[in-house]
Amino acid sequence: MALKSSQAAIDLIVAEEVSSQATYAKLYRHPEWPGGASGVTIGIGYDCGYSTPDQIMADWNDQLPDAMVHALITVAGIHGSPAKAEAGHLHSVVDVPWDAAMAVFLKRDMPKWEGIVTHALPNTDQLSPDSFGALVSLTYNRGPSFTTPGDRYREMRDIRQLMALRMYDNIPDEFRSMKRLWPNMLGLRLRRDHEAALFEKGLETA
């Protein structure tokens, strides 16, 4: 089934997660722990800590040797600081080539996250591929927290309300407002800017 997100959105997510193929080959072929609440992460931001053993098996069994897949299954559900040591243990055990990473990203991750966004937000069928893809990038990074209480998720809830009201022009401001959450994390601040710009670009072609 064809993806709903534009190629620009796909490129944005890949760039934000691993920068480029060359950088991936240098830094991300082996399991890592990005920090915070993340789990052991491989490929294009694939977080084993928020995956089940069955999901990991289904996603990777035709891309990696059995021994590597079974090693990844051992860290399913482990996230936060305990995942740091696990990533270290697996660093010399698991090696994910670029082609395998991209195959899982395009065939498994993107369809899954597009479905999550479609389920979480109303009126996504009215968005252009660029605008929809910007929301997929956001959700890929922050999870489907559009109804999560608390100030940290204020903009996520606002986006859901704006989608319901079909006030799409106001949504880029919510992307940018989130930058308040990461005053010292330039990468995340720039990601929100890039997503906002892509959403705006999509509004011009919708």
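Any read-out appearing in this document is the output of simple, stated calculations on the displayed coordinates, not a laboratory observation. Here the structure is a predicted model, which means the values were calculated and not measured. Cβ atoms come from the backbone with ideal geometry, glycine included; neighbour counts cover every protein chain shown.
How big is the Cα convex hull of segment 1-47 in projection, averaged over all directions, in nm²?
4.0
Between ASP11, ASP99, ASP54, the residue with the greatest mean-square fluctuation in the GNM of the chain (Cα pairs under 10 Å linked by springs) is ASP54. With everything on Cα atoms, drop me the angle between helix 110-120 and the longest principal axis of the chain, reported from 0 to 90° to the nearest 10. Once rounded, the angle reads 40 degrees.
List the trypsin sites (Lys or Arg not before Pro) within segment 91-170 that fall in a DSSP loop (any state other than H, G, I, E or B) and whose Cβ has at most 16 other Cβ atoms within 10 Å.
Within segment 91-170, the qualifying trypsin sites (Lys or Arg not before Pro) (loop, at most 16 other Cβ atoms within 10 Å) are ARG166.
From the Cα gyration tensor of segment 115-179, with a ≥ b ≥ c the square roots of its eigenvalues, which class applies: rounded if a/c is under 1.5, or else prolate if a/b is larger than b/c, or else oblate? Rounded is the answer for segment 115-179, as its axis ratio a/c remains below 1.5.
Note that segment 64-206 shows a convex hull volume over its alpha carbon atoms of 141 Å³ per residue. Model label sites at THR23 and ASP95, defined 7 Å from Cα along the beta-carbon direction, differ in position by 2.3 nm.
Working from the Cα coordinates of segment 86-136, the gyration tensor eigenvalues give, after taking √(5λ), semi-axes of 31, 12, 8 Å in decreasing order. In a DSSP loop and with at most 16 other Cβ atoms within 10 Å, there are no GluC sites (Glu not before Pro) in segment 1-101.
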